[in-house]
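The values are calculated or read from the model by the stated rules, or taken from the named source; none is laboratory data. On a predicted model such as this, the values are computed, not experimentally measured, just so you know. Reconstructed Cβ throughout: ideal geometry from the backbone, glycine too, with neighbour counts over all protein chains shown.
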Amino acid sequence: MPKVSKKLRVARGVQHRLSQWQHDLIRQGVTRKAQEPDMAIKSVNPRYTSQHCSKCGLRGMRNRHQFECPHYGHQNHADKNAAINIRNRYIVLRSASTGSSAKRDRTTGSLRQ
Ligand SMILES: [Zn+2]
């Protein structure tokens, strides 16, 4: 009887589609939850959020789960750094719609009040 490998190898395209499927499921769940009163959804473009430093806004280096900013030496867990960047983008989006004073610094990309 042939040995069955426990690891399943799939093509990159299939991996990407599976990942998108998971994201779609999460998005649907959040959208469904937001149907409750007083809840709203703001969509934030996640592009480059894992590549830019959440403190200075400059491009950093990611090594597996570790993010490091080569410009100022900031270090953080890569997912946490990306999550902070998404939060910062949301704050900018929200302030643009409400007229608050939080703005993004054009030179560094970091958030200033
Ligand atoms: Zn930095």
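Quick notes on this structure:
- Going through (1) closer than 21 Å to residue 91 by Cβ; (2) in a loop (DSSP other than H, G, I, E, B); (3) more than 16 Å from the ligand (Cβ to nearest atom) one by one, residue 35 falls short only on (1).
- The range 53-79 - residue that is small (Gly, Ala, Ser) and either surrounded by 13 or more Cβ atoms within 10 Å (Cβ to Cβ) or assigned to a strand (DSSP E or B) (or both) and, of those, farthest from the ligand (Cβ to nearest atom): 78
- Among the candidates 63, 81, 45, residue that is at pLDDT below 95, on the phi < 0 side of the Ramachandran plot and under 14 Å from the mean Cα position of the chain (by Cα): 45
- Candidates 13, 57, filtered to the one that is within 22 Å of the chain's Cα centre (by Cα) and free of Cβ contacts under 8 Å to residues at least 24 places away in the same chain: 13
- The single residue among 19, 5 that is exposed (fewer than 10 other Cβ atoms within 10 Å of the Cβ) and either at negative phi or at pLDDT 85 or above (or both) turns out to be 5.
- Here residue 35 fulfils each of the conditions (1) at pLDDT 90 or above; (2) surrounded by fewer than 11 Cβ atoms within 10 Å (Cβ to Cβ); (3) over 15 Å from the mean Cα position of the chain (by Cα) apart from (1).
- Residues that are among the aliphatic types (A, V, I, L, M) and within 13 Å of residue 86 (Cα to Cα) within the range 12-53 comprise just one, 44.
- Residue match in the range 96-112 (condition: under 30 Å from residue 32 (Cα atoms) and either buried (at least 17 other Cβ atoms within 10 Å of the Cβ) or modelled with pLDDT of 85 or more (or both)): yes
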